[in-house]
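One structure below.
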Amino acid sequence: MAESPKPVEPPLMLPSLDEARTWEGFKIDEVGGASVAKVQSIFCDAESGDPVWVIAKVGRFGKVIAIPFLDCAAGVGRIWVPFGREELKGAPAIDPTKPLSREQELLLCAHYGIHDEMGRAQQVKGRPEGAITSQAGAAAG
């Protein structure tokens, strides 16, 4: 008896860096629907150039955090994330003027529950200690 072919899933279509850059200034809505932050910039993988973090200013005093790019869904003038206000406010602060190191990214991944064998944590864990793993996206050109 012939085995029926497995359905082919369409490739995951992620926004390009240029498209993600249009998110700058968008409000970020948390899982409950409340606006909790504002997109500042996009950080990209230091090797591939693919977008990996949405850099956002959260809270009254403007703490800057990184949110996993793959967990963001863009709408008209807004980004939705599957995290609650407290989880976002509790994320490690970053300096948006400096690139992220392997260790910083692993700390961010741990905060968001991204384990070593999946997603971004899997991508950066094998890189050398202290390596720059993501940075602000290069200017379009």
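The values are calculated or read from the model by the stated rules, or taken from the named source; none is laboratory data. All values reported here derive from a predicted model rather than from experimental measurement. Positions of Cβ are generated from backbone atoms using ideal geometry, with glycine treated the same way; all protein chains shown enter the neighbour counts. Side chains included, ligands, DNA and RNA excluded: accessible areas come from the protein's heavy atoms. Shrake-Rupley method; radii C 1.70, N 1.55, O 1.52, S 1.80 Å.
Summary table below
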| read-out | value |
| --- | --- |
| Flag for GLY33 being open to solvent by 30 Å² or more (accessible area, probe 1.4 Å), more than 25 Å from GLN123 (Cα to Cα) and either modelled with pLDDT under 95 or part of a helix (DSSP H, G or I) (or both) | yes |
| Candidate set from region 120-139 (those that are assigned to a helix (DSSP H, G or I) and closer than 27 Å to GLY59 by Cα); member that is nearest to the chain's Cα centre (by Cα) | ARG120 |
| Neighbours by Cβ (under 8 Å, 6+ apart or cross-chain): first from region 67-85, part of a loop (DSSP other than H, G, I, E, B); second surrounded by fewer than 20 Cβ atoms within 10 Å (Cβ to Cβ) and of a type in the set (Lys, Arg) | GLY77/LYS27 |
| Conditions (1) touching a Gly at 6+ places or on another chain (Cβ under 9 Å); (2) within 19 Å of ARG21 (Cβ to Cβ); (3) of a type in the set (Ser, Thr, Tyr); number of the one not met by SER48 | (1) |
| Which listed residue is of a type in the set (S, T, N, Q), assigned to a helix (DSSP H, G or I), in contact (Cβ under 8 Å) with a residue 12 or more places away in the chain and open to solvent by 10 Å² or more (accessible area, probe 1.4 Å), from GLN40, GLN104 | GLN104 |
